[in-house]
Each structure stands twice: as structure tokens, then as C-alpha cells.
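So the structure is just underneath, and the comments pick up after that.
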């Protein structure tokens with residue numbers, strides 16, 4: 001069964017550093033997402049991406065965050081200057097079309113120290 | 001804003017029991033509802049997707065129902081097994097506009113052998 005692949009599985013970074021989280025969505029999917037889950041809290045929406053542009057973003061997704069689909073297969077989330085409160089599990093997801101369910105990756109656990 | 005609540009927060013049952021997990025949402029104007037399973041420290045595995053026009057979906061020992069007008073969904077697990085132990089999340093997608101999901105806090109299920 002096709003999978004959404006995320007790398008790395010765990011990343012530790014110092015406060016203020018830039019991090020890039022990587023995702024390879026399912027190849028024929030059209031919609032791409034990033035969500036995050038702070039430990040013990042709900043899974044929260046960050047951003048959706050369709051047709052090579054952001055289609056929606058939450059209030060969490062401020063100027064410190066950016067997304068890219070640089071080569072038609074990878075989908076990345078960049079955090080420019082990490083804060084302690086950015087520590088969370090970050091999930092990438094893709095969707096074949098509007099009437100289909102989401103497929104999530106296994107997540108990247110980001111720890112900011 | 002859509003709020004999704006899951007009750008109970010935790011549930012422990014002996015192996016072989018049938019059980020019901022509950023999900024409620026405040027805005028009944030949804031597009032669809034998806035149930036996920038999350039194992040500790042892992043990603044989200046899709047279990048069932050119910051479109052707003054549907055009343056239920058079944059997959060193996062799992063049956064999910066949707067009562068959109070009352071803002072409720074249930075996930076029924078028949079003949080529970082220790083391997084069913086996980087956190088179960090429900091997520092709803094808004095009826096119009098954006099594609100993003102609103103998640104509940106989950107029900108942590110433990111099936112005792």
C-alpha cells in the first residue's frame with residue numbers, strides 16, 4: 001500500500017536554528033498538508049498546499065514557517081528560527097482528491113533545546 | 001470554530017469485549033469524518049472515512065456511524081483484541097471551503113489479554 005514517508009524520524013535542534021522537515025507524499029496525490037501535535041495535545045492543522053501554492057494556513061503558521069514542493073515529489077516544512085514551543089510531532093499528509101481521506105506519514109519528532 | 005470532543009478519554013476492556021468510542025462535534029456542517037488510530041510515538045493510520053451523506057462505514061471488526069444533525073459519530077469495535085490497544089482519533093472536515101481537519105483529543109484504548 002502506498003505510504004507517505006517522512007524524514008528524519010527525530011530531530012534535535014538548538015533554539016534559534018533553522019530546521020527543514022521532509023516528506024514524500026503519495027505520488028498521484030494532489031493535496032498536501034502539515035499538521036503538528038504537541039505532546040498530550042490535539043493534532044493541529046498548520047498548512048495545506050495545492051497546485052504549487054498554499055491554499056490555507058492556520059494562525060500557527062506565521063512568518064517563521066514556510067513550505068515548498070521543490071521537485072514534484074518532496075514536500076518540505078521549514079522553520080526559520082526555532083523556539084522551545086515548536087517542539088512537537090510534525091505530520092505530513094496527502095490526499096488524492098477532495099472526496100478522499102487523508103494518508104498521514106509516521107511523523108518527525110522535533111525537539112528544540 | 002469547530003470543536004471536536006471524544007469520550008471517554010481512556011478505556012480499558014478485557015479481550016473479546018465489544019466496545020463503542022464516541023465523537024461529537026459542534027458544527028454539523030461537515031464534509032466528512034475520518035477515524036484514525038495512533039500507536040504511541042507513531043503516525044496516524046486511517047481506519048474509516050464517512051462522507052456527510054453516509055450513515056455508516058464498515059471495515060472488518062470496525063463499524064463507524066455518523067449522525068450529522070446531532071453532531072455525533074461512534075466507532076464500534078467488535079471482539080476486541082490486545083492488538084487494538086492504541087489511541088483512536090476522530091477528525092472532521094468542514095463543509096465548505098478549506099480542506100483541513102479538526103481533531104478530537106482521542107480515546108486511549110487498552111485491551112487486556
Residue match in the range B:45-58 (condition: surrounded by 16 or more Cβ atoms within 10 Å (Cβ to Cβ) and in contact (Cβ under 8 Å) with a residue 60 or more places away in the chain): no
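Please note which strands (runs of 3 or more DSSP E) are completely contained in the range B:40-113 and include at least 1 residues that are within 14 Å of chain A (Cβ to nearest Cβ) and at pLDDT below 95.
In the range B:40-113, the matching strands (runs of 3 or more DSSP E) lie at B:44-51, B:86-94, B:101-103.
Pick from B:71, B:60, B:95, B:83: which is at positive phi and in contact with a strand residue (DSSP E or B) (Cβ under 9 Å, 6 or more places away or on another chain)?
Details: B:60 fails: in contact with a strand residue (DSSP E or B) (Cβ under 9 Å, 6 or more places away or on another chain); B:95 fails: at positive phi; B:83 fails: at positive phi.
B:71 is the lone residue from the list that is at positive phi and in contact with a strand residue (DSSP E or B) (Cβ under 9 Å, 6 or more places away or on another chain).
The values are calculated or read from the model by the stated rules, or taken from the named source; none is laboratory data. The model shown is predicted, which means the values in this text are computed figures rather than measured ones. Don't worry about glycine lacking a Cβ; one is built from the backbone with ideal geometry, like all the others, and counts go over all protein chains shown.
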